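Asks: Sharing a structure, written as structure tokens. Questions coming.
The values are calculated or read from the model by the stated rules, or taken from the named source; none is laboratory data. Treat the numbers as computed from the prediction; the structure is a model and nothing was measured. Quick reminder, even Gly has a Cβ in these numbers, built from the backbone with ideal geometry, and neighbours come from all protein chains shown. Heads up: the accessible areas ignore ligands, DNA and RNA and are worked out on the full protein's heavy atoms, side chains in. Shrake-Rupley method; radii C 1.70, N 1.55, O 1.52, S 1.80 Å.
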Amino acid sequence: MKTTTDKIVARQEGPIGFLIFNNPERRNAVSLEMWQAAGEVLDAFSKDDSVRVIGLAGAGDKSFVAGADISKFEDERANAEAQEKYAKTSSGMRAILRGTGKPTVAMIRGYCIGGGMSLALSCDMRICSDDAQFGIPAARLGIGYGMEGLRRLVELVGPSVAKEFVFTARRYNANQALRMGIVNEVVPVAELENTVRSWAQTMAENAPLSILTAKRVVDELMKDPAQRDVALCDQLVKDCGASEDFIEGRRAFMEKRKPVFKGR
């Protein structure tokens, strides 16, 4: 798989597709070009049936993603028009991430700041090392966060803590993030990669249609009742019941063996 920049790396390990932000000298800060390339990788992973789970990570040992690359601001975000283009591109990448029917997990080590935090929150799950740090420094940079940028944070931590994040621009450690519900698990640095791979492998071995159904139903439940697509949820459940995987799951259970799901 080719991307438009070497600062975005796509790697597949069996059923797990990894998207790696490869800008360690700048703590994996993200430029406009990197957002574009990341969207291309995610789109390719989403369409590849051999990829069952998508993992996001940052290169090196200092950072997951430390937000936007401020060194690029004069070129990429110097005026309202450029700012809008940047926001549209980064938002589009996160929309692909949220929209994929496959489970997504962020592997977080070190800094997870600003745009990096928005990226991690767009994943289904987050696992971090005990040296991780989280924060949204928008108020120190004069950046406005809109609904798309704050919706997921509010869902996870509630409005009061979300306001605390933005108003104070403080940084929070891994254990604080765990207590708030931002991350699913905190592990020692040495165990981070194996833990993420273990989670991903477990999900990859489960029925893809069941995972897709759960993902879509949860997404609909987070909407206002009047906006929920109940028909979609009902249809997804029916699709599971009519699938080959449902037959395989029943047979494997009766035969006391591990099921082999095909996603159909």
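Asks: Per the Kirkwood treatment, what hydrodynamic radius in Å, one decimal, follows for region 1-51 from the mean inverse distance over all distinct Cα pairs?
Replies: Every distinct Cα pair counted, the radius reaches 11.2 Å.
Asks: If the cut-off is 19 Å between C-alpha atoms, which aspartates and glutamates fall inside it for Lys238, apart from same-chain ones fewer than 8 positions away?
Replies: Straight-distance partners of Lys238: Asp219, Glu220, Asp229, Glu248.
Asks: Length gain on complete extension for the stretch Asp49 to Asp219, per 0.36 nm per residue less the alpha carbon to alpha carbon distance?
Replies: So the chain would gain 59.0 nm between Asp49 and Asp219.
Asks: With +1 assigned to the C-beta of every Lys and Arg and -1 to the C-beta of every Asp and Glu, and no other charges, what is the dipole magnitude of the chain about the Cα centre in debye, to the nearest 20?
Replies: 380
Asks: Quick one: Kirkwood hydrodynamic radius for region 138-210, alpha-carbon pairs, angstrom, one decimal?
Replies: 14.8
Asks: Cross-link candidates for Lys163: which aspartates and glutamates have Cα within less than 17 Å, leaving aside residues fewer than 8 places away along the same chain?
Replies: Partners within reach: Glu148, Glu155.
Asks: Taking θ = phi - 60°, what integer Hz values does the Karplus form 6.51 cos²θ - 1.76 cosθ + 1.60 yield along region 140-154, in sequence order, with x for Gly and Pro?
Replies: 8, 10, x, 8, x, 9, x, 5, 5, x, 10, 4, 5, 4, 4
Asks: Moving on to the next point. Can you give me the Cα centroid spacing of region 175-238 and region 10-47 in angstrom?
Replies: When both Cα centres are located, 20 Å separates them.
Asks: Roughly what would the spin-label model give for Val187 and Asn173, points 7 Å off Cα along C-beta, in nm?
Replies: My value for the distance between the label points is 2.1 nm.
Asks: Simple spin-label model, 7 Å along Cα-to-Cβ: Arg11 to Ser198 in nm?
Replies: 2.0
Asks: Over all pairs of distinct alpha carbons, what does the Kirkwood formula give as the hydrodynamic radius of region 112-262, in Å?
Replies: Taking the inverse mean of 1/r over all distinct Cα pairs, region 112-262 comes out at 18.0 Å.
Asks: Stick to Cα atoms and the Kirkwood definition of Rh, then tell me Rg/Rh for the chain.
Replies: In the chain, Rg relative to Rh is 0.98.
Asks: So what's the angle, to the nearest 10 degrees on a 0 to 90 scale, between helix 192-204 and the longest Cα principal axis of the chain?
Replies: That helix lies at roughly 40 degrees to the long axis.
Asks: Quick one: order Arg140, Arg170, Arg126, Arg98 from most to least accessible surface, probe 1.4 Å.
Replies: Largest accessible area first, the residues go Arg140, Arg170, Arg98, Arg126.
Asks: With a 1.4 Å probe and all protein chains kept in place, how much accessible area does Glu248 have, in Å² rounded to the nearest 10?
Replies: Ignoring ligands and nucleic acids, Glu248 comes out at about 40 Å².
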